[in-house]
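Note sheet for the following structure.
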Amino acid sequence: MCAHVLVAEDDAKQAELVRRYLEHDGHSVTVVGDGRSALEQWRRGGPDLLVLDVMMPRMDGLDVCRALRRESDLPVLMLTARATEDDLLLGLGLGADDYLTKPYSPRELAARVRTLLRRSAPRPSALRVGALRVDPVRHEVFLGDRPVDCTPGEFQLLEALAEEPGRVFTRAQLLRRLHGFDRYVTVRTVDVHVMNLRKKLREPDLLVTVYGVGYKLAAA
């Protein structure tokens, strides 16, 4: 899921690192260095998610979150060097959706952003590709009238492919969609899920291998 992410972080090196990781995930990223600029940019640009540092000049992240929540339910991932339970509860109480303490892994931050975006995105009643129906709400897969039992990882992979039929996904892109279901996933995990899905779907031309690149779901 590609989105416009606003990053409010006054540490230029840290902001650049976050920007690179988020752009690697396919997001467009706007970086600002203080709280007031974060609010101004939000009002101008309408980002899909805000990564918000607590300690910033002009207006700190807590005040930004407080002001933002009076006007919007924009997903907010708060970053802070404060790691006490009181600080966590304060940030969440002001309306932050998630909380990450410094120092943190940029990979974990990118994964948290993906999770928040999926959580906040409107869920379609079902994704349909020809006779295939993938229902994210009921967590069901049907091929015609036949139900297809999928593991959580298989379902997430198939859902990603069904969201954009015809698009070729690299193994690395599909691997990122499996975060949270398999702790120690590898590229081989994607191949195993694809192999199992082909057996369950029993439609050899539906899930296509694009050699040297990855996989796609054949467009209807």
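Where a number appears in this text, it was derived from the coordinates with a stated rule and is not lab data. Note that this is a predicted model, so its numbers are computed, not measured. Neighbour counts run over all protein chains shown; Cβ positions are idealised from the backbone, glycine included.
With the charge dipole of segment 4-120 set up from +1 on Lys and Arg Cβ and -1 on Asp and Glu Cβ about the Cα centre, the Cα lying farthest toward the positive end among the listed residues M56, H4, A15 is that of H4.
Counting other beta carbons within 10 Å of each Cβ, put V51, V208 in order, fewest first. Write down the numbers at each step before the final one.
Details: V51 29, V208 16.
Neighbour counts put them in this order, fewest first: V208, V51.
Note on V168 and R188: their simple-model spin labels are 2.5 nm apart, each label 7 Å out from Cα toward Cβ.
Under a Cβ-Cβ cut-off of 11 Å, what is the net charge of the residues other than D149 that fall near it, where Lys and Arg count +1 and Asp and Glu count -1? Don't skip to the answer; put the middle values down first.
Working: positive: R146, K200; negative: E140, E154.
Neighbourhood net charge equals 0.
Pairing the Cα long axis of helix 152-163 with the longest principal axis of the chain, what angle in degrees results, from 0 to 90 and rounded to the nearest 10? Compared with the principal axis, the helix lies near 90 degrees.
Local charge for R43 was computed over the other residues whose Cβ lies under 13 Å away, with Lys and Arg +1 and Asp and Glu -1, and equals +1.
Sorted ascending by nearby beta carbons within 10 Å, beginning with the fewest, C150, C65 become C150, C65.
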